[in-house]
1. For the stretch 94-120, how many residues meet the condition of being under 29 Å from Ala165 (Cα atoms) and open to solvent by 10 Å² or more (accessible area, probe 1.4 Å)?
2. Among the residues of the stretch 121-139, write down those that are part of a strand (DSSP E or B) and either in contact with a Ser or Thr (Cβ under 8 Å, 6 or more places away or on another chain) or open to solvent by 40 Å² or more (accessible area, probe 1.4 Å) (or both).
3. State the number of residues belonging to the stretch 155-174 that are out of contact with any Leu (no Cβ under 6 Å at 6 or more places or on another chain) and closer than 19 Å to Thr103 by Cβ.
4. Taking into account only those residues within the stretch 140-195 that are in a strand (DSSP E or B) and of a type in the set (D, E, K, R), which is most open to solvent (accessible area, probe 1.4 Å)?
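The values are calculated or read from the model by the stated rules, or taken from the named source; none is laboratory data. Just so you know, these numbers come straight off a predicted model, no measurement behind them. Using ideal geometry, Cβ is built from the backbone for each residue, glycine included, and neighbour counts are taken over all protein chains shown. Side chains are part of the model used for accessible areas, which takes the heavy atoms of the whole protein and leaves out ligands, DNA and RNA. Shrake-Rupley method; radii C 1.70, N 1.55, O 1.52, S 1.80 Å.
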Amino acid sequence: MTGAVPPAPLPPAPSAKHGRTALICVGVAFGMLGASFAAVPLYDLFCKVTGFGGTPMVGTAGAGKILDREMSVRFDANVAPGLGWKFEAESPEIKVKVGATQTVFYKMTNRSDRTVTGIATYNVAPDKGAAYFVKIQCFCFTEHTLKPGESFEAPVVFYIDPEIAQNRELDGVHAITLSYTYFASKSGQPVAEDKAGSPKGDASNSKL
């Protein structure tokens, strides 16, 4: 008499390791999807935290310490072709003590005959000084819409980090330039235009 055929073995239950792998894969997929929407904000955040590429650091309060060392801060204001705005700082240059909180106003005026939405990008020169230039308040990366002839003023609140005195390579740096450029804005992103007024693409990562 032939014995009973044993049942086929069941497939092994997924291990905890496999489960974690599946969750990681799902997480990566959603992460990549989110990154496609957040690439520019994440890059901006990275730059603000590290001072990479001439991007100023971002702070929430003053330095808490003021040095006797003085430096010049220059304020540059530029407008991309096609925007039709006038853009200027209240003062082209000021002397500041390292660590002292300062406020400077910029003024924007729509000189065109149409309502325009603009957005500003910024940079600091020299690049190596960006890690010590800390902005507490700024109008950059925020859309502003102006009607024909309309103006508004916005402050920049900043200080130079006293830690700059610990970097001997920056002993010869006596001036820092904060440079802004206003672009026409589309979907919250700056868009450069040529002289004919046609868009030339996303300018959010333009080097100023």
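1. Step one: filter the stretch 94-120 for residues under 29 Å from Ala165 (Cα atoms), giving 94-106.
Adding the requirement that they be open to solvent by 10 Å² or more (accessible area, probe 1.4 Å) leaves 94-95, 97, 100-103, 105.
Number of matching residues: 8.
2. Restricting attention to the stretch 121-139, the residues satisfying the condition of being part of a strand (DSSP E or B) are 121-125, 133-137.
Listed by number, the residues that qualify are Thr121, Tyr122, Asn123, Val124, Ala125, Ile136, Gln137.
3. Number of matching residues: 7.
4. So in the stretch 140-195, the residues in a strand (DSSP E or B) come out as 144-146, 151-160, 175-186, 189-193.
So of that shortlist, the ones also of a type in the set (D, E, K, R) come out as 153, 186, 193.
On the way: Glu153: 119, Lys186: 138, Glu193: 38 Å².
Across the stretch 140-195, the extreme among qualifying residues is Lys186.
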